[in-house]
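K.L.:
One structure, as C-alpha cells, below. Some questions next.
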Amino acid sequence: MISRRTGSGQLNARGFTRLRQEIPRRVIGPENRTPRLMRIGLNIVRRTRVCRGFVGEAMTIRHGDPAKFWSRVDRSLLWWESKGSPARWRLWRDVFWGREGVYVLVRCGLLTGALAMAGATNWGTSAGGALRVAAIALATLFLFDIMIVHVSIAFVSRKPASLLRSAVLSTFSFFQIPLGFAVFYLCNADSFNSALTWRRAVYFSIVTATTLGYGDISPKPEASWAQLLVMVELAVSVTFLGVLIARLIALTTVPGQQGPGGLKGRS
C-alpha cells in the first residue's frame, strides 16, 4: 500500500498512475521508456522505503497497513479506559470520576468479598456453585480492568497524574492481581498438593506473582487447569511489572531533559 506522509490520506488511483508515469522520467529518463525498464524502475521503488520527488511529496511504500491495526488497538484501549471500565459505568461513574483512589479501594474490597464467597461455598450445592461462578466472574472482570487500564495509561493516553499518587495506586493495583487469582485457586482447591484455605490461597498467589516459588504449595501433576492458572498469573504479573516500570519512567522524565538511565523526555 502507498500512503502519503503528510497526513492527507492514501494515494488515489490517479496519483498512482501519475507515479508510474513519473518513474521513467526521473529514474530512467524520458528517452528509454521500454516496458522492461519500467519494471526495473518499479522494482526499485518497491524496494525503497522512502521515495522523494516522484509526485512532489515524500512517499512511503508499505505492504499491508499495520498502522490501521494498532490504531484500532489504541482506540479499544482508550474506550475501555474512558467508558468500559467498571469505574466509568453510568450507574456510579459520578461517584468515581476523579476519585481513582476510591475506586481502587472499592475494587480491593470486592475482590476480598469474592475470595470470601469462594472460601465459604463449594461446588456441591446449586447455591454454592452459583456464588463461586459469581466470584470467578468478578475476579476475571477486575483482573482484566487492572491490566487494560494500566496499559492504556502507560502507552496510549499518558494523561498527567501526580507521580506519588500514580505510584501508590499502581503498586496497590499490582497486589490486587494475586487477590484475584487466589479466587481461582480457592475454587480449584482439590488441584493442589495441600489443603487450601483463603489465607493459604492468597499466600500461594503472592508467592507466584512475585516469582519466589517456595514449593511448599504446588499444583498436582495431573491438575492441568491449576498449572495453566499458575502460568497465566506469572505472565500477567511480569507484564504488569513491566507496564508499571514504563509508566513510572514516563512520569519521572521531564520533557526535553534526560530522565533516569539517560532516557530523554517527551517533547
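No value in this document is a laboratory result; all are computed from the given coordinates. All figures in this text were calculated on a predicted structure; none of them were measured in a lab. With ideal geometry, Cβ positions are generated from the backbone for all residues, glycine too; neighbour counts draw on all protein chains shown.
K.L.:
Find out how many positive minus negative residues lie around LYS83, taking Lys and Arg as positive, Asp and Glu as negative, among other residues whose Cβ is under 10 Å from that of LYS83.
P.N.:
Result for the local shell: +2.
K.L.:
Sort out for me the Cα centre separation of the stretch 100-166 from the stretch 191-214, rounded to whole Å.
P.N.:
Each part's Cα centre sits 19 Å from the other's.
K.L.:
Could you please rank LEU91, LEU138, placing first whichever residue has the fewest other Cβ atoms within 10 Å of its Cβ?
P.N.:
By the 10 Å Cβ count, ascending, the order reads LEU91, LEU138.
K.L.:
Sticking with this one: Let me have the relative contact order for the stretch 184-252, percent, based on Cα pairs under 8 Å that are six or more residues apart.
P.N.:
33 percent
K.L.:
Can you work out ³J(HN,Hα) from phi for every residue in the stretch 87-98, in order, using Karplus 6.51 cos²θ - 1.76 cosθ + 1.60 and θ = phi - 60°, giving whole Hz and x for Gly and Pro?
P.N.:
Calculated HN-Hα couplings, in order: 5, 9, 5, 4, 4, 9, 5, 5, 6, 9, 5, x Hz.
K.L.:
Here is a further query. Counting only other residues whose beta carbon sits under 13 Å from that of ALA189, what net charge do I get with K and R as +1, D and E as -1?
P.N.:
Summing Lys and Arg as +1 and Asp and Glu as -1 gives +3.
K.L.:
Please arrange TYR203, TYR103, TYR214, TYR185 by counting, for each residue, the other beta carbons lying within 10 Å of its beta carbon, fewest first.
P.N.:
The most exposed by this proxy come first: TYR214, TYR203, TYR103, TYR185.
K.L.:
Could I ask something else about it? What is the sum of charges, Lys and Arg at +1 and Asp and Glu at -1, for the other residues whose Cβ falls under 15 Å from the Cβ of TRP225?
P.N.:
For residues surrounding TRP225, the net value is -1.
K.L.:
Counting other beta carbons within 10 Å of each residue's own, what order do CYS108, CYS187 fall into, fewest first?
P.N.:
Least to most surrounded, the residues fall as CYS108, CYS187.
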